[in-house]
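Taking it in order: structure first as structure tokens, then the write-up.
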Ligand SMILES: Cc1ncc(COP(=O)(O)O)c(C=O)c1O
């Protein structure tokens, strides 16, 4: 016998799940179940229990049986009963024995310059709330049922219009599938493009290790393609690759756009081999020069998958992304995703659709672009002043830049940064383990978007201090400028 009961003054306020089991009187079974729930910590000290009447009704037993059980447990000291405040778990009941003590994780470093995340304090709470209120008020009842695995139609319509206007994407709502981000999209695509045996994917020799790992988990191999100053060397994509994953607008992490000849070249490869071009447009909204770099997808929508997400522009916590698919892939991706919408919340999708349609997203992106640009300029000028031996590249777009370092200094720079409280990663952390050809120069991938405004200046100072330490150790102080005072 088991039941979940509502208690409280209206009989609906407190839920309590109890398994009474079998073998014994109902009174004894109820006492045992309540004692066990208190002893195991499931009912915390002070928790109010449901009134006799509602617990009795839900368990299908007599009210007197519950009253007797409560009285017995009060007498034993497990419960307390006071006129007007009902029956509660006693405060001094001993807590369950603590589990094994886990070693505490080291505290995070105070200055977060690891690439990849916007400042969580910059999330536009008020505008998002306005959009949520409007979207939920207008939503039809069916929006709160099980959803279409392609995602809400309101969002797919808004995305088709937005991506055409801003990124030159050519698609329609029925070829868009909403997902929970780029990682989710890659997991789905790895399944859909699989053959027997699955063909490998070509990937940039410098890229996100996390993404490479997703292919490994799906049983799909990856073949690294060299990255140089013009982006990925398309000529190296093997004909047998099932797909190639590229970051054409802003090579991740080195920062340049894919050269126009290579953009044409990758589509030529796709036409010749039947392979798929997968375009990770992770931060395409954030360009600071006047050279617009449109989506490769716009050049051949039937051979290209365009991937985007809110992780850089709004928040990685929203877990909303999108795939603009060739017609032939839609059914397979939808089937891989599942029959109902199993990932992206309909209320968040509706909110984002309103956010797009109302222009709030454009306004947020423009504000963030301005803020990132100022931060990027500040990074460059502080480094030029304090560590003139280093060059900063990959500056035209995005939320990060590459600080090039003298050969052999990358590891000591990362270690020195940690000593100065700065979390930052080396360029070599992004290199494919099977990459052939010469490695790119040593460097740091510096994310300038994450720290809150009040810490950004201190973070840059700490980074410069670390670089001075690391480079002085290697090259001697003469290559470096004398440290200036802290930047504002
Ligand atoms: C290269 C690259 N692509 C895509 C993403 C976005 O991934 P997701 O949408 O899964 O958060 C990131 C985020 O860190 C990234 O660095």
Please go through segment 320-333 and give me each residue that is touching a helix residue (DSSP H, G or I) at 6+ places or on another chain (Cβ under 9 Å) and either surrounded by 15 or more Cβ atoms within 10 Å (Cβ to Cβ) or within 24 Å of residue 145 (Cβ to Cβ) (or both), ordered by number. 320, 321, 322, 323, 324, 325, 326, 329, 330, 332, 333
Subset of segment 346-404 (residues that are in contact with a strand residue (DSSP E or B) (Cβ under 6 Å, 6 or more places away or on another chain), more than 21 Å from residue 285 (Cβ to Cβ) and part of a loop (DSSP other than H, G, I, E, B)): 390
Within segment 266-313, the residues that are within 11 Å of the ligand (Cβ to nearest atom), outside any strand (DSSP E or B), touching a helix residue (DSSP H, G or I) at 6+ places or on another chain (Cβ under 8 Å) and modelled with pLDDT of 95 or more are 281, 282, 310, 311, 313
Looking for whichever is within 15 Å of the ligand (Cβ to nearest atom) and surrounded by fewer than 21 Cβ atoms within 10 Å (Cβ to Cβ) here; the options are 209, 200. Which one fits? 209
Among residues of segment 165-182 being in contact with a strand residue (DSSP E or B) (Cβ under 8 Å, 6 or more places away or on another chain) and in a helix (DSSP H, G or I), the residue farthest from the ligand (Cβ to nearest atom) is 175
Only one of (1) more than 21 Å from residue 426 (Cα to Cα); (2) surrounded by fewer than 18 Cβ atoms within 10 Å (Cβ to Cβ); (3) more than 13 Å from the ligand (Cβ to nearest atom) does not apply to residue 317, and that is (3)
Mind checking which residues of segment 184-197 are within 15 Å of the ligand (Cβ to nearest atom) and touching a strand residue (DSSP E or B) at 6+ places or on another chain (Cβ under 8 Å)? 184, 185, 186, 188, 189, 190
What residue, among those in segment 217-239 that are assigned to a helix (DSSP H, G or I) and touching a strand residue (DSSP E or B) at 6+ places or on another chain (Cβ under 8 Å), is surrounded by the fewest Cβ atoms within 10 Å (Cβ to Cβ)? 236
Taking first residues from segment 209-220 that are closer than 16 Å to residue 242 by Cα and in contact (Cβ under 8 Å) with a residue 24 or more places away in the chain and second residues anywhere that are away from the ligand (no atom under 15 Å from the Cβ) and assigned to a helix (DSSP H, G or I), the pairs with Cβ under 8 Å that are 6 or more apart or on different chains are 218/191
When you look at residue 154, is it more than 16 Å from the ligand (Cβ to nearest atom), assigned to a helix (DSSP H, G or I) and farther than 17 Å from residue 357 by Cβ, yes or no? no
Out of (1) within 16 Å of the ligand (Cβ to nearest atom); (2) within 22 Å of the chain's Cα centre (by Cα), the one residue 325 does not meet is (1)
When the residues of segment 244-262 are filtered to those that are surrounded by 23 or more Cβ atoms within 10 Å (Cβ to Cβ) and farther than 19 Å from residue 401 by Cα, which remaining residue is farthest from the ligand (Cβ to nearest atom)? 244
What residue, of 24, 8, 46, is at positive phi, out of contact with any helix residue (DSSP H, G or I) (no Cβ under 7 Å at 6 or more places or on another chain) and modelled with pLDDT under 80? 8
Looking at segment 178-192, can you tell me whether even one residue there is at positive phi and either free of Cβ contacts under 8 Å to residues at least 24 places away in the same chain or surrounded by fewer than 20 Cβ atoms within 10 Å (Cβ to Cβ) (or both)? no
For segment 429-452, which residues satisfy the criterion of being under 24 Å from the mean Cα position of the chain (by Cα) and crowded, with 17+ Cβ neighbours inside 10 Å? 430, 431, 432, 444, 445, 446, 447, 448, 449, 450, 451
Residue 134 vs (1) assigned to a helix (DSSP H, G or I); (2) within 30 Å of residue 444 (Cα to Cα); (3) away from the ligand (no atom under 16 Å from the Cβ): all pass except (2)
How many residues does segment 334-344 hold that are within 15 Å of residue 181 (Cβ to Cβ), touching a helix residue (DSSP H, G or I) at 6+ places or on another chain (Cβ under 9 Å) and surrounded by fewer than 17 Cβ atoms within 10 Å (Cβ to Cβ)? 0
Give me a count of the residues in segment 288-297 that are surrounded by 18 or more Cβ atoms within 10 Å (Cβ to Cβ) and out of contact with any strand residue (DSSP E or B) (no Cβ under 7 Å at 6 or more places or on another chain). 0
Test residue 81 against the stated conditions and say whether it is on the phi < 0 side of the Ramachandran plot, away from the ligand (no atom under 16 Å from the Cβ) and in contact with a strand residue (DSSP E or B) (Cβ under 7 Å, 6 or more places away or on another chain). yes
Would you please list the contacts, defined by Cβ atoms under 6 Å and residues six or more apart or on different chains, that run from a residue in segment 296-322 that is in the same structural domain as residue 178 (by TED's automatic domain parsing) and over 19 Å from residue 152 (Cα atoms) to a residue that is crowded, with 20+ Cβ neighbours inside 10 Å and modelled with pLDDT under 95? 312/283; 313/285
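The values are calculated or read from the model by the stated rules, or taken from the named source; none is laboratory data. Bear in mind that the values here come from a model prediction, so they are computed numbers and not experimental data. Don't worry about glycine lacking a Cβ; one is built from the backbone with ideal geometry, like all the others, and counts go over all protein chains shown.
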